[in-house]
1. Any residue in region 17-40 that's at pLDDT below 95: show its pairings with residues that are assigned to a helix (DSSP H, G or I) and hydroxyl-bearing (Ser, Thr, Tyr) at Cβ separation under 9 Å, as long as the two are six or more apart or on different chains.
2. Scan region 3-18 residue by residue and report those that are surrounded by 10 or more Cβ atoms within 10 Å (Cβ to Cβ) and among the aliphatic types (A, V, I, L, M).
3. When Ala47 is evaluated against the numbered criteria (1) among the aliphatic types (A, V, I, L, M); (2) modelled with pLDDT under 90; (3) in a loop (DSSP other than H, G, I, E, B), which criterion, by number, is the only one it fails?
4. Do you know which residues across region 85-108 are over 21 Å from Asp65 (Cβ atoms) and of a type outside the set (Ser, Thr, Tyr)?
5. Out of the residues in region 50-87 that are charged (D, E, K, R), part of a loop (DSSP other than H, G, I, E, B) and more than 12 Å from the chain's Cα centre (by Cα), which is modelled with the lowest pLDDT?
6. Hey, can you tell me all the residues within region 21-54 that are hydrophobic (A, V, I, L, M, F, W, C) and out of contact with any strand residue (DSSP E or B) (no Cβ under 9 Å at 6 or more places or on another chain)?
Amino acid sequence: MWKPPERIRYRTQPGKWPSAAVAGASKLFMPLDYQALSLSARTWVPAMVPWRATETGFVTPDNLDWYERFAYGQPGALVVEATGIRDIASGPLLRISDDRFIPGYRHW
């Protein structure tokens, strides 16, 4: 991995912490409605690939626990991870290439 020849040294300047009223009035926490999309807040949990599915692509309790932790934070949207759409083995990556995978998704 590349590293700069000299370490960059600087002091961070802490910003002013917003009050509850200021944070509550922020657009970040306001609803968003756009065409068919309706979110309670503008915060997102992006798609990630935590590799918690079975080797054959089925949802596991680890998948459910992973997303449950994010859901407790009440984001406006929680995007489910990359999901295999071809009926080939792809390691512990979730799959949706066949109806046999659907029951695991119903827990969400």
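The values are calculated or read from the model by the stated rules, or taken from the named source; none is laboratory data. Bear in mind the structure is a predicted one, so any value in this text is a computation, not a measurement. All Cβ positions, even for glycine, are placed from backbone atoms using ideal geometry, and neighbour counts span all protein chains on display.
1. Going by the 9 Å Cβ cut-off, there are no qualifying pairs.
2. Step one: of region 3-18, the residues surrounded by 10 or more Cβ atoms within 10 Å (Cβ to Cβ) are 18.
Once the filter is applied, which keeps residues that are surrounded by 10 or more Cβ atoms within 10 Å (Cβ to Cβ) and among the aliphatic types (A, V, I, L, M), region 3-18 yields nothing.
3. (2)
4. Ile85, Arg86, Asp87, Ile88, Ala89, Asp98, Asp99, Arg100
5. In the first step, residues of region 50-87 are kept if they are charged (D, E, K, R); the result is 52, 55, 62, 65, 68-69, 81, 86-87.
With part of a loop (DSSP other than H, G, I, E, B) added as a condition, the list becomes 52, 55, 81, 86-87.
In the following step, the residues that additionally are more than 12 Å from the chain's Cα centre (by Cα) were identified as 52, 55, 86-87.
Working: Arg52: 94, Glu55: 93, Arg86: 89, Asp87: 85.
Going through the qualifying residues, I end up with Asp87.
6. First, pick out the residues of region 21-54 that are hydrophobic (A, V, I, L, M, F, W, C): 21-23, 25, 28-30, 32, 36-37, 39, 41, 44-45, 47-49, 51, 53.
Ala21, Val22, Ala23, Ala25, Leu28, Phe29, Met30, Ala36, Ala47, Met48, Val49, Trp51 - these are the residues of region 21-54 that are hydrophobic (A, V, I, L, M, F, W, C) and out of contact with any strand residue (DSSP E or B) (no Cβ under 9 Å at 6 or more places or on another chain).
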